[in-house]
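Everything below concerns the one structure shown next.
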Amino acid sequence: MFRNLTEAYSMALEDYLDGAGEAALLQAYQLGRRAVTERLGVLEMAAIHQEALVAVLLKMLAPAENARVARSASEFFSEVLAPFEMTQRGFREANAILENLNSELKQRVENVLKEYEAARDALEESKRLERMKNELISVVSHELRTPLTSIHGSLELVLRGVESGGTAGAGSLLEIAYRNSRRLVRLVNEMLDMQKIESGDAVFEIRPTDLWPMLGHAIEANQAYAEQWQVRLALEGEVPRVRVAADPDRLMQVLTNLLSNAAKFSPPGETVELRASTSDDRVRVSVTDRGPGIPVEFRPRVFQKFAQADPSATRPREGSGLGLSITKAIVDRLGGRIGFESEIGRGTTFHFDLPRWREAGDEVDAAGVSRWQLPF
Ligand SMILES: Nc1ncnc2c1ncn2[C@@H]1O[C@H](COP(=O)(O)OP(=O)(O)OP(=O)(O)O)[C@@H](O)[C@H]1O
Ligand SMILES: [Mg+2]
C-alpha cells in the first residue's frame, strides 16, 4: 500500500514538474489526503513526499548519476526514518506495557469485587441466622411459657386453698400442674434431642436391622396411644424380609412419630396402615391415614421446628410441632429420605426410604457409620 502510494504520488509529482499544471498538483494533493484517511502519520507522509521527490529528481538526472544519488538517498532515508521507527516501536512497547497494566488492574478490581460480594453474602447469611435464632427463641419461649403459666396458676390456686383451709379441687388442679410439667419435660427433652442430632453430637449406632419385627414392635408400642383416639394401627401387605442399615432405637423413634401423628389426625374408628416395600438398594416404609390431609399452604413448612397447621382445622392442638422436624433430622442422618403425599379430606401418607443392608464387604452409604461390616 505504502509502495503504491509512493509510486502514484511520485507520478503525480513528476507530471506536475513536467508542466502538467494544476491537475497534477491536485492529483498529488488528493493522494496525500487519501494517505491520511488511511491512517498514515504526518511523519510517514513526509517520508512518502521525500521519496517521491527524490524519485522524480533521479529520473531527471543523467543515468550515471542516477545510481549514486539513489544510494545516498536510500542511506539518507534509513537515517531519517530510524528515529521515527524507534519512536514507533517505543510506542508499541509502551502500549503493550499499558495493556498489561490495564489487565492487571482489571483483575485486581475483579478480585476486590469478588471479596466484597463474599463479605456481603457472609453478612447476609449471619443476619439470616440471627433472624432465625431470634424467631426460634421467641417460639421456644412461647412454647415454654404456656405450660409454665398453667403450672404456676394451678399451684397458686392449690396454695390459696391450703392457706384458707379448704383443699377441695386441689386434686384436679395438681393433675393439671402435673400434666403440664410432663409436657414441659417432654418439650425440653425433644429440644435437646433435636439439638444433639443437628449438631452431630448424637451417636447413631447403625447396624443391620431386620425390618419386619421392627414394624411389628412399632405397632405394638403405639397401639395404646392410638386407642386414645379410637384408632387402630395395622400392618398392611407383605413386609419384605429385608434388613436396613439403621440405628434401631432411632428407627423406632421415626416410626413412633409418624404413627402417632397418623393416629392423632385420624377420625375415630379409622385404621392407620403401615406398609413396606423394597427396590434395588432402598427400603420404603409408609404410614397412611384417612385424616383431614395437610393444608396446601402449610405443606412447605411441615418439617420445620414448632410448625403446626391451624389447629382449628384439624384436632385440638396437641404436641409442640417438633415431631416431624426430629423425624426428618433422624432420617437424614440415616442416609435416607422422607416425604409425604396428602389429599384434603382424604388423608395423608408419610413415607421414608432407608438404605437396604448390603451383605459382607459392602459399605453402608448411611451418614455417620460408613464402614460397618457384618461380623462373618
Ligand atoms: N398425618 C397428618 N395429617 C394431617 N396433618 C399432619 C399429619 N402429620 C403432621 N401433620 C401436621 O404437621 C404438624 C407438625 O407435625 P409434628 O409431628 O411435627 O408436630 P405435632 O404432632 O403437632 O407435635 P409433636 O410431634 O411435637 O407432638 C402437625 O401439627 C399437623 O398440623
Ligand atoms: Mg407429631
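The values are calculated or read from the model by the stated rules, or taken from the named source; none is laboratory data. Computed from a predicted structure; not experimentally measured. We place every Cβ from the backbone using ideal geometry, glycine too, and count neighbours over all the protein chains shown. Just so you know, the surface numbers come from the protein's heavy atoms only, side chains and all, with ligands and any DNA or RNA stripped out. Shrake-Rupley method; radii C 1.70, N 1.55, O 1.52, S 1.80 Å.
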Which residues, counting only those in the range 192-218, are within 16 Å of residue 322 (Cβ to Cβ), open to solvent by 50 Å² or more (accessible area, probe 1.4 Å) and among the aliphatic types (A, V, I, L, M)?
-> 192
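Could you please let me know if residue 245 is among the small types (Gly, Ala, Ser), modelled with pLDDT under 95 and either farther than 27 Å from residue 204 by Cβ or away from ligand 1 (no atom under 16 Å from the Cβ) (or both)?
yes
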Considering the range 308-330, residues that are part of a helix (DSSP H, G or I) and at pLDDT 85 or above, and then whichever is nearest to ligand 2 (Cβ to nearest atom), we arrive at 323
Restricting attention to the range 269-287, report how many residues are β-branched (Val, Ile, Thr), more than 16 Å from ligand 2 (Cβ to nearest atom) and within 33 Å of the chain's Cα centre (by Cα).
-> 3
So, first residue within 21 Å of residue 186 (Cα to Cα) in the range 147-172, second residue among the polar types (S, T, N, Q), Cβ within less than 8 Å, six or more apart or across chains; the pairs are 147/180; 147/181; 148/180; 150/180; 151/180; 151/181; 154/180
How many of the residues in the range 13-51 are in contact with a Leu (Cβ under 6 Å, 6 or more places away or on another chain) and over 19 Å from residue 84 (Cα atoms)?
-> 2
Hey, can you tell me all the residues within the range 150-167 that are over 18 Å from residue 180 (Cβ atoms) and open to solvent by 60 Å² or more (accessible area, probe 1.4 Å)?
-> 160, 162, 163, 164, 165, 167
Taking the range 295-304, which residues are away from ligand 2 (no atom under 12 Å from the Cβ) and either among the hydrophobic types (A, V, I, L, M, F, W, C) or within 18 Å of residue 327 (Cα to Cα) (or both)?
-> 296, 298, 299, 300, 301, 304
In the range 55-89, which residue that is within 22 Å of residue 4 (Cβ to Cβ), touching a residue at least 24 places away in the same chain (Cβ under 8 Å) and out of contact with any Ser or Thr (no Cβ under 7 Å at 6 or more places or on another chain) is most open to solvent (accessible area, probe 1.4 Å)?
-> 59
Odd one out for residue 9, checked against (1) free of Cβ contacts under 8 Å to residues at least 24 places away in the same chain; (2) assigned to a helix (DSSP H, G or I) | (1)
